[in-house]
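Novice: Below is one structure. I have some questions about it.
The values are calculated or read from the model by the stated rules, or taken from the named source; none is laboratory data. Quick caveat: nothing in here was measured; it's all calculated off a predicted structure. Ideal geometry is used to build each Cβ from the backbone, glycine not excepted, and the neighbour counts take in all protein chains shown.
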């Protein structure tokens, strides 16, 4: 006869499962970015995959390979090309010791700056350069980790697409919600992902392109580089673009190019900043809105965890967390109502 009751054995099993789960989660922390990337890309690719399989009657494996290949061409190659370009440019600026001194000398004619403030600003600009360089994944130093992460992501993504029905039914089965809440969570998670990734991606591309185009038309140096930097910084709402175009415009004014400087400031504050709100409104009507506070706090959370990818993944994680709280509240209220109905019926 066993020394444990059936309930005790179940509780012991549960403790072992939780302990092993925590150990596995801890071991997977290095590839958490790859796992999250896989979920994001699966959510985005799912409609196209179903279209190819169900409407065009393509083979499931072929459909998955086509979509993975397209994602490499559209997302991965441009991102790492731009990252390497940014790292190279930041390195150039850091090695050019006179660059910051010339910039400060010009700005001093516009804004009176004391000697202490000058040293502080120069030190701050250099530290910002170091931080920005570390933020981007270096194709040389981190090549192995990048390739390993991408291979892992595409390996998981391929099987999630090819076996999408089994994958989704398993999620519904093991999700800690009722079936209807699990489906609601899936729908809202899809909308949240679209709003964060596709919606925010569209906003930053438009703002970065507008800054780059303005720099090109007004004769500023390195319009492509500063357009790319603006796109990355634009993940932080409102604060983003002015960090680039305001100092650039002031330097132009300091150089005596008043039209180029004032035109940039006027266009920046009237169009580039406000296009953020217009696009957010249009996106919100289609897939829901992500509040700027969630985006800013998400970026603060995400950058230490994921580097430059934290600009996307941070707000996404925070949005998922808030979504889980909403689903939990709905389930708790439903359980409370059922308990009340049961109590009333028993009393009668």
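Novice: What is the one condition in (1) under 18 Å from residue 89 (Cβ atoms); (2) part of a helix (DSSP H, G or I); (3) modelled with pLDDT of 85 or more that residue 220 does not satisfy?
Specialist: (2)
Novice: Next question. Going by the conditions given, is residue 311 closer than 28 Å to residue 201 by Cα, touching a helix residue (DSSP H, G or I) at 6+ places or on another chain (Cβ under 8 Å) and modelled with pLDDT of 75 or more?
Specialist: no
Novice: Quick one: residue 59 ticks every box in (1) at pLDDT below 75; (2) out of contact with any helix residue (DSSP H, G or I) (no Cβ under 7 Å at 6 or more places or on another chain) except a single one, so which number is it?
Specialist: Residue 59 satisfies every listed condition except (1).
Novice: Please give the number of the condition residue 131 fails out of (1) outside the structural domain of residue 260 (by TED's automatic domain parsing); (2) at pLDDT 80 or above; (3) closer than 24 Å to residue 310 by Cβ.
Specialist: (2)
Novice: Within the stretch 49-72, is even one residue within 15 Å of the chain's Cα centre (by Cα), surrounded by fewer than 17 Cβ atoms within 10 Å (Cβ to Cβ), on the phi < 0 side of the Ramachandran plot and assigned to a helix (DSSP H, G or I)?
Specialist: Within the stretch 49-72, none of the residues are within 15 Å of the chain's Cα centre (by Cα), surrounded by fewer than 17 Cβ atoms within 10 Å (Cβ to Cβ), on the phi < 0 side of the Ramachandran plot and assigned to a helix (DSSP H, G or I).
Novice: Filter the stretch 216-231 down to the residues that are more than 26 Å from the chain's Cα centre (by Cα) and crowded, with 21+ Cβ neighbours inside 10 Å and list them by number.
Specialist: Residue satisfying the conditions is 220 alone.
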